[in-house]
Structures are given as structure tokens and as C-alpha cells.
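The values are calculated or read from the model by the stated rules, or taken from the named source; none is laboratory data. What you are looking at is a predicted structure, and each value in this text was computed from that prediction instead of being measured. Cβ sites come from the backbone with ideal geometry, for glycine too, and all protein chains shown count toward neighbours. Surface accessibility is based on the protein's heavy atoms, side chains included, excluding ligands, DNA and RNA. Shrake-Rupley method; radii C 1.70, N 1.55, O 1.52, S 1.80 Å.
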Amino acid sequence: MNASNPATDTATVNPDGKLCLACLGDYGPSKLPGLKQCVRCGFITADMSISEEELAALYGEDYFHGEEYRNYVSEEASLKDNFRRRIVTLQQLIPDLKQRELFEVGCAYGFFLDEVKNDVASARGIDISRDAIAHAREHKGVNAIAGNYAEYPIERPVGMLAMWDTIEHLPRPDVFIEKAAHDVAPGGFIAVTTGDIDSFNARMRGKHWRMIHPPTHMHYFSVATLSKLLERNGFEVVHVSHPGNARNLRSILHFILDLRLGWGGLYRAIADWKIFDLSISMNLFDIMFVVARRKA
Ligand SMILES: [Zn+2]
């Protein structure tokens with residue numbers, strides 16, 4: 001057994017993910033159907049397992065074009081606005097950000113890497129979607145590779161690691177965070193965004209909360225359970241906020257008409273109207289932005 005392999009290390013603690021990913025407690029039933037909940041820390045997760053082939057198939061071209069986003073690429077402007085605001089927060093927290101090498105896990109089409117490249121010493125990333133990475137390299141010219149972060153060796157620790165809206169998609173977020181603890185230098189930072197199931201909106205919506213949709217979203221963290229996972233791996237949480245997001249009107253229309261109401265025909269009939277190019281800012285305060293520092 002190779003002790004430096006993070007997947008192997010985790011396997012000794014939590015061999016097949018049967019224990020709570022956040023605190024290693026036991027799972028019991030959740031009041032939300034189809035989900036299970038840690039009896040100790042309250043972490044909520046989907047009751048399922050998925051193979052790597054199934055996962056790669058899930059994030060083929062169809063995923064970014066219609067399954068969740070009508071056309072992820074047409075969202076570029078609003079996504080970049082959101083990334084710019086996160087970068088400003090990071091600059092406030094980390095005055096020497098510009099001297100740090102950044103690695104992004106789940107970099108998709110490379111919009112964040114492209115947006116952040118002049119604010120850090122270097123920026124590169126990885127994503128499981130080959131289609132997205134091909135786009136990132138070809139159209140953005142960013143340093144991005146297709147693959148599974150859990151199996152990707154980083155030659156030297158970085159000063160900053162980002163995971164935007166990614167952790168909820170991973171079969172084993174604990175394996176990724178444990179690897180991140182190896183890949184982030186002491187004093188370095190990890191920044192994560194994901195849904196907050198303890199938020200007012202998530203509590204109000206219950207099983208209808210828009211973030212609950214296995215198998216693409218498998219894990220439902222709260223500030224407390226995400227902090228537990230990070231702290232268990234040698235990180236100290238230094239920032240928590242619930243920032244709003246700019247969304248393209250077309251993507252909101254798609255979500256409501258096509259995904260929620262099942263009126264795909266109506267959606268397709270009007271989706272090309274120019275008016276839907278506009279972006280609006282909205283904040284349901286149910287997406288958390290957590291930054292943690294790797295302890296020395
Ligand atoms: Zn737990």
C-alpha cells in the first residue's frame with residue numbers, strides 16, 4: 001500500500017464511503033426521501049453509488065447543453081461576473097494572491113481560469129468532462145486537462161485551490177479534500193462553493209430544493225458539515241458568505257419552463273428572443289462560499 005496515495009489513505013479510514021464523509025459517523029435515514037443523514041453531525045447525502053464510467057457519461061456534451069444549462073457557453077458573461085466577485089473576495093482575504101499558483105478542480109469550460117489568470121502567479125485546472133476541457137483549451141487557451149483529480153498527481157503543492165460548484169457532484173468529496181490537503185501548501189487556501197442545506201430557502205423547500213437532484217448532485221453540505229470535512233483534513237475555515245449570482249434570463253427561463261414545469265416546447269419557441277440575453281442578479285442565500293487555510 002502506498003501511504004502517499006490519498007485515495008488509499010482514505011480507504012483505510014472510510015473504505016467504501018459507508019461512514020459519514022464529513023465526520024466518519026454512521027448514517028441513518030433522512031426525513032428527505034431518497035437521502036440519508038449522519039446521526040452524529042447531520043451531513044445529508046444521496047443513497048447511491050456510481051461508477052467512474054457512469055460519471056464520465058453524465059458529464060458528456062449533453063450535460064452542459066440542456067441537461068442543466070441550455071447552453072453553458074452562452075452563460076459566459078454572467079458566469080464571469082460571478083467569478084470576478086469571488087476573486088475580489090479572495091483578494092481581500094489573501095493579500096498575496098498574485099504570488100500564488102492556483103489549481104482549479106472542476107474547471108469545466110475554463111471561464112474561471114481565464115478570468116483569474118492575471119490575478120495569480122499561474123492558473124491551471126482539471127475536469128472530468130473531455131468536451132468541456134477541449135473547449136477550454138481551444139477557445140480560452142487556458143492550462144486545463146481532462147481527468148479525475150483524485151488520480152492526478154500534482155508535482156508541487158499550490159498556494160490556492162478552487163472548487164466552484166463541484167463538491168456536490170463528486171462521488172467521494174472526502175477523497176478530494178484529503179488529496180487537496182496534500183496538494184495545498186501549508187498556509188495555502190482552498191475555496192469552495194456549494195449549496196447550503198441549512199439555509200432558510202433549503203429548509204423552506206425541503207425535498208423540492210433545486211439543489212437536490214441525484215445523481216448529478218450527490219451531497220448536501222451545510223456550513224457545519226463542510227467545515228467538519230475541511231477541519232478533519234487539516235484546514236481552518238477563515239471565510240463563510242452566501243453571495244448572490246448573476247444569471248442569464250434564458251437560463252432562468254429554461255429552469256422554470258423546461259425543467260420545473262415540463263413546458264420544453266414553449267421554452268424552445270421563445271428562447272431565442274433577444275430579451276433573454278439579459279442577466280439579473282439574484283440571491284436566495286442558499287449557496288455558500290467557504291474559504292479555508294491549510295494549517296502549517
Ligand atoms: Zn457526520
Fill in the blank from the handout: Within the chain, cysteines having no neighbouring cysteine beta carbon under 4.7 Å are Cys107
Completion exercise
Once Lys and Arg are counted +1 and Asp and Glu -1 for all other residues with Cβ under 10 Å from that of Leu230, the total becomes +2
Exercise for the section: Let me have the relative contact order for the chain, percent, based on Cα pairs under 8 Å that are six or more residues apart. Expected result: 18
Handout entry: Surface accessible to a 1.4 Å probe, His213 within the full protein complex, Å²
Key = 60
Completion exercise
Sorted by accessible surface (1.4 Å probe, heavy atoms of the protein chains only), largest first, Arg156, Arg210, Arg293, Arg86 come out as Arg156, Arg293, Arg210, Arg86
Exercise for the section: Note down the accessible area of Cys38, probe 1.4 Å, to the nearest 10 Å². Expected result: 10
Problem - Accessible surface, 1.4 Å probe, highest first, among residues Ser281, Ser227 - result: Ser281, Ser227
Practice task
Return the carbon/sulfur percentage of the accessible area of region 57-294, one whole number, probe 1.4 Å, all protein chains in place.
Solution key: 53
Problem - Inter-label distance, nm, simple model (7 Å from Cα along the C-beta direction), Arg156/Lys80 - result: 3.1
Exercise for the section: For Ile270 and His208, compute 0.36 nm times the residue count separating them, minus their Cα-Cα distance, and round to one decimal in nm. Expected result: 19.7 nm
Fill in the blank from the handout: In whole percent, the Cα-Cα distances of region 57-294 spread across 10 Å bins from 0 upward as 7, 31, 39, 18, 4, 0
Completion exercise
With the charge dipole of the chain built from beta-carbon charges (+1 for Lys and Arg, -1 for Asp and Glu) about the Cα centre, the Cα from His219, Ala121, Ile287 projecting farthest to the positive end belongs to Ile287
Practice task
Please give the contour-minus-distance gain from Met282 to Asp16: 0.36 nm per residue of separation, less the Cα-Cα distance, rounded to one decimal in nm.
Solution key: 91.9 nm
Fill in the blank from the handout: Computed from the beta carbon distance with a Förster radius of 35 Å, FRET efficiency for Glu231 and Val88 to the nearest 0.05 stands at 0.85
Exercise for the section: Please work out the average accessible area per residue across region 57-294, using the 1.4 Å probe convention, and give it in Å². Expected result: 43
Completion exercise
In region 83-231, lysine pairs 8 or more places apart or on different chains with C-alpha atoms under 30 Å apart total 9
Practice task
Determine the sum of side-chain charges near Trp209: Lys and Arg each +1, Asp and Glu each -1, restricted to other residues whose C-beta is under 9 angstrom from that of Trp209.
Solution key: +3
Problem - Net +/- balance of residues flanking Ser30 in space, Cβ distance below 15 Å, scoring K and R +1, D and E -1 - result: +3
Handout entry: Ranking by accessible area, most exposed first, for Ser279, Ser241, Ser199 with a 1.4 Å probe
Key = Ser279, Ser241, Ser199
